[in-house]
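Presented below is the structure to which this report refers.
The values are calculated or read from the model by the stated rules, or taken from the named source; none is laboratory data. What you see is a predicted model; the values in this text were computed from it and never measured. Positions of Cβ are generated from backbone atoms using ideal geometry, with glycine treated the same way; all protein chains shown enter the neighbour counts. For the accessible areas, the whole protein counts, side chains as well, though only heavy atoms, and no ligand, DNA or RNA atoms are used. Shrake-Rupley method; radii C 1.70, N 1.55, O 1.52, S 1.80 Å.
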Amino acid sequence: MCLADNHQTCPHSTRISNAEARQPGKAPNFSVNWTVGDSAIEVINATTGKDELGRASRLCKHALYCRWMRVHGKVPSNLLRSKITKPNVYHESKLVAKEYQAAKACLFRAFIKAGLGAWVEKPTEQDQFSLTP
């Protein structure tokens, strides 16, 4: 456990600027996101991950993977180290992305070195989806 006034032994990821501001029992049941280019904010039910009309968030893995594959498809094949064909399984696409895997391994090592503990990975089954035409 970190002491708020002892920054030398407190991992950066657990510091809070105001202990009074955090009230875990009163966490909102929604999240809000917006990025440049979005026409409006998106309000997502934190329990379901969907908006008020039942649509998945624009920040869900499937939506982000669709966008990534669109961009990836526009890159000339001679510039790619590995060509991923569409549709493909998200998990397999992540495995063949060498730069992504190297960056992830570096991040995991940095967490351990900084004393922040091991990264907890989600079950692989959550990444076993493909894009549908």
Consider Asn18 against the criteria (1) modelled with pLDDT under 85; (2) surrounded by 12 or more Cβ atoms within 10 Å (Cβ to Cβ): it satisfies all of them except one. Which criterion is unmet?
(2)
Yes or no: the range 66-84 includes at least one residue that is at pLDDT 75 or above, in contact with a strand residue (DSSP E or B) (Cβ under 9 Å, 6 or more places away or on another chain) and hydroxyl-bearing (Ser, Thr, Tyr).
no
Picking from Val75, Val96, Val43, the residue that is without any contact (Cβ under 8 Å) to a residue 24 or more places away in the chain, of a type outside the set (Gly, Ala, Ser), open to solvent by less than 70 Å² (accessible area, probe 1.4 Å) and closer than 30 Å to Pro28 by Cα would be Val43
If the requirement is being touching a helix residue (DSSP H, G or I) at 6+ places or on another chain (Cβ under 8 Å) and among the hydroxyl-bearing types (Ser, Thr, Tyr), which of these qualifies: Ser77, Ser93?
Ser93
